[in-house]
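Since the structure comes first, as structure tokens, the remarks are kept for the end.
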Amino acid sequence: MGTNGSTMLEPLRQGLPPLDPTAVSHAASCALPPRYEAVREARRFTSRTLDDWELGDRFDDVCLVVSELVTNALRHALPAGAPWSADRDGPVRLHLMHWTERLVCAVRDPSHDSPVARDTGDFSAESGRGLFLVDSFSDSWGWHPLAGTLGGKVVWALFRLRQPAA
């Protein structure tokens with residue numbers, strides 16, 4: 001992946017028509033608390049959302065990627081012991097966006113550090129394979145820093161969707 005916003009977003013455009021944010025068919029998001037049970041919550045949210053959008057056939061791949069992105073955000077992007085208040089948005093947020101030809105899963109977190117794919121070479125290792133799995137199960141992935149009051153970054157994964165039969 002690249003190191004600036006332009007190249008980090010390039011895979012969203014490769015081989016597909018330009019992405020028009022106003023042409024999104026569906027969008028949904030949920031705030032996730034800073035605890036590992038949030039991964040289960042993210043999977044449930046993803047399952048319900050994909051079912052609502054009649055994309056349940058993509059659940060296995062999308063759910064695995066969502067699980068990895070949320071786990072990485074919780075494990076690597078949250079400051080240890082940082083306070084979190086239930087009356088404000090969670091420190092990690094999952095976004096699902098559906099266009100006719102693609103589905104994008106994006107996880108926002110407060111860290112400015114770029115995600116790093118670790119080549120452990122050991123597929124039996126307990127950790128370090130998250131972004132390898134994201135790369136393997138999605139059509140492309142990347143990240144971009146956020147500006148303004150939000151700060152942090154968004155790590156995203158793109159899934160190409162089959163065109164509906166005409």
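For region 41-82, how many residues meet the condition of being of a type in the set (Gly, Ala, Ser), open to solvent by 60 Å² or more (accessible area, probe 1.4 Å) and either in a helix (DSSP H, G or I) or touching a Pro at 6+ places or on another chain (Cβ under 7 Å) (or both)?
0
Tally the residues that are open to solvent by less than 20 Å² (accessible area, probe 1.4 Å) and either in a strand (DSSP E or B) or at pLDDT 85 or above (or both), restricting the search to region 143-153.
The qualifying residues number 2.
For region 127-142, indicate whether the set of residues that are hydroxyl-bearing (Ser, Thr, Tyr) and at pLDDT below 85 is non-empty.
Taking every residue of region 127-142 in turn, at least one turns out to be hydroxyl-bearing (Ser, Thr, Tyr) and at pLDDT below 85.
The values are calculated or read from the model by the stated rules, or taken from the named source; none is laboratory data. All of these numbers come straight from a predicted model, not from anything done at the bench. Here the Cβ is made from the backbone with ideal geometry for all residues, glycine too, and neighbour counts use every protein chain on show. Side chains are part of the model used for accessible areas, which takes the heavy atoms of the whole protein and leaves out ligands, DNA and RNA. Shrake-Rupley method; radii C 1.70, N 1.55, O 1.52, S 1.80 Å.
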